[in-house]
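Here the structure comes first, spelled out in structure tokens, and everything after it is commentary.
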Amino acid sequence: MSLIIAGVAFVVVVYIYSKWQEYRARKSVDRAFSGGHDDVLMSARDDADLIRQEPQFDQDDLSGIGDTDEDATADTSNADQVYNSKPDFDATMYGKELSVDDLIDCVIPLEFEAPIRGEKLLKEISDLKYVGRKPVHFIGLTHDGKRDEIAHGGIYTALFAGVQMVSRSGPLNELEYSEFVSKLREIADRFNAHSDVPDMNRVMSNARELHQFVAEHDAQLSVNVLSNGAPWDITTLLGALEKQGFDVRPDGRLVMPDGDVGNLFTLSTNVSASETVTSKLTLLLDVPCVSPDLEGFGVMAKCARSLASRLGGTVVDDGNNPISDQALAEIADQVRDFCNAMAVAEIPAGSRRAKRLFS
């Protein structure tokens with residue numbers, strides 16, 4: 001009986017202690033985001049005089065980034081290898097971006113014997129959105145000789161079909177290209193159109209070269225906020241972060257919008273949905289997909305510092321080591337070199353091209 005009573009007492013003590021920890025975690029988050037604090041968390045996005053405080057890359061993420069002039073030259077040379085000739089047409093022709101881009105797509109033209117209305121084209125091409133895991137896009141040549149997105153009411157004398165040559169899943173392969181060509185020939189037969197199909201070997205070579213560029217510039221930058229004491233209550237924390245401007249995704253991640261249609265960075269609690277508390281938050285920036293003009297690096301770092309200040313934590317790297325100002329300054333230079341290298345390659349960070357390639 002004594003053992004039973006002792007066991008029951010132990011369970012009760014553990015339960016009470018657990019509830020007390022949850023109460024402390026909830027109160028700490030409530031105090032951190034109470035109205036008495038200045039809203040410095042999100043004001044970083046509007047701070048025109050923001051001091052860059054970029055968190056630290058892992059060494060693997062920084063391989064190939066221009067630490068020296070020689071590295072910058074190498075990036076420029078690699079960009080030239082991707083395409084050493086001027087594209088037949090540019091995705092930004094006539095002042096707007098088009099969904100078919102000669103720099104990152106394998107483009108096959110279909111020339112019609114007679115003009116075709118847009119609604120008829122859209123119906124015929126609606127089923128061809130992907131080959132394998134590579135997206136397919138179409139634009140048309142209007143009656144006055146301009147390339148434009150296909151729309152109802154438009155009249156087109158030719159069709160340009162583009163399959164994306166590279167994504168994060170890898171380069172376009174022979175099977176995907178063969179499927180693309182086969183389905184295009186079916187469309188061409190229905191429209192009695194003439195097509196000019198590029199040589200497969202040349203297309204595969206271009207895809208591999210472009211994939212090399214993507215592999216060398218696929219960098220993600222993270223910074224963490226580690227609790228100095230008790231863990232934080234997740235429910236209260238998520239609610240407070242939503243009020244500060246974060247959007248909660250179905251998978252539990254929080255996303256900071258960039259003020260337009262994209263995202264600056266994400267925030268993860270690093271625990272499963274069944275957990276009620278966490279001791280570590282991770283902010284992650286997808287570097288190639290965010291324009292340097294948005295100051296995504298500085299905004300994310302300032303957000304992390306504000307969270308650390310409010311919640312009683314420390315800004316650390318992935319090894320839980322505090323990040324120094326000197327390290328942040330060094331990474332700031334490397335990030336600028338990184339973005340410059342992408343701009344030289346005509347794939348600026350945050351552009352439509354970059355977001356397509358790094359998807």
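The values are calculated or read from the model by the stated rules, or taken from the named source; none is laboratory data. The shown structure was predicted, so the numbers you read here are calculated from the model rather than taken from an experiment. Every residue, glycine among them, receives a Cβ derived from its backbone with ideal geometry; neighbour counts consider all protein chains shown. Areas reflect the complete protein model, heavy atoms only, side chains present, ligands, DNA and RNA absent. Shrake-Rupley method; radii C 1.70, N 1.55, O 1.52, S 1.80 Å.
Annotations for the structure displayed:
- First in the stretch 123-150 and among the charged types (D, E, K, R), second anywhere and assigned to a loop (DSSP other than H, G, I, E, B) and surrounded by fewer than 16 Cβ atoms within 10 Å (Cβ to Cβ), Cβ under 7 Å, 6 or more apart: ARG133/SER169
- Entry remark, the stretch 256-281: residues being in contact with a Leu (Cβ under 8 Å, 6 or more places away or on another chain) and β-branched (Val, Ile, Thr) number 3 in total.
- Only residues that are without any contact (Cβ under 8 Å) to a residue 40 or more places away in the chain and out of contact with any helix residue (DSSP H, G or I) (no Cβ under 7 Å at 6 or more places or on another chain) were counted across the stretch 154-183, and they come to 3.
- For the stretch 103-111, the count of residues that are in contact (Cβ under 8 Å) with a residue 24 or more places away in the chain, assigned to a strand (DSSP E or B), farther than 26 Å from HIS211 by Cβ and touching a strand residue (DSSP E or B) at 6+ places or on another chain (Cβ under 6 Å) is nonzero.
- Number of residues in the stretch 147-168 that are open to solvent by less than 10 Å² (accessible area, probe 1.4 Å) and in a loop (DSSP other than H, G, I, E, B) equals 1.
- Any hit, the stretch 207-230, residues being aliphatic (A, V, I, L, M), under 30 Å from PRO348 (Cβ atoms), open to solvent by less than 30 Å² (accessible area, probe 1.4 Å) and assigned to a loop (DSSP other than H, G, I, E, B): yes
- Residues in the stretch 232-275 that are touching a strand residue (DSSP E or B) at 6+ places or on another chain (Cβ under 7 Å), open to solvent by 30 Å² or more (accessible area, probe 1.4 Å), outside any strand (DSSP E or B) and farther than 17 Å from GLY312 by Cα: GLU242, ARG249, ARG253, ASP258, ASN270, VAL271.
- Count of the stretch 288-303 residues which are out of contact with any helix residue (DSSP H, G or I) (no Cβ under 6 Å at 6 or more places or on another chain) and open to solvent by 10 Å² or more (accessible area, probe 1.4 Å): 4
- Just one of the listed residues (SER324, SER306) is hydroxyl-bearing (Ser, Thr, Tyr), in contact (Cβ under 8 Å) with a residue 24 or more places away in the chain, surrounded by fewer than 23 Cβ atoms within 10 Å (Cβ to Cβ) and under 15 Å from ASN224 (Cβ atoms), and it is SER306.
- Of the listed requirements (1) in contact with a Gly (Cβ under 7 Å, 6 or more places away or on another chain); (2) farther than 23 Å from ASN173 by Cβ; (3) modelled with pLDDT of 95 or more, ALA72 misses just one: (3).
- Candidates in the stretch 92-102 are the residues that are crowded, with 17+ Cβ neighbours inside 10 Å and of a type in the set (A, V, I, L, M); of these, the one that is modelled with the highest pLDDT is VAL100.
- Residue in the stretch 276-287 that is surrounded by the fewest Cβ atoms within 10 Å (Cβ to Cβ), counting only those that are part of a strand (DSSP E or B) and under 15 Å from the mean Cα position of the chain (by Cα): LEU284
- Some residue of the stretch 133-146 being open to solvent by 60 Å² or more (accessible area, probe 1.4 Å), within 29 Å of SER291 (Cα to Cα) and assigned to a helix (DSSP H, G or I): no
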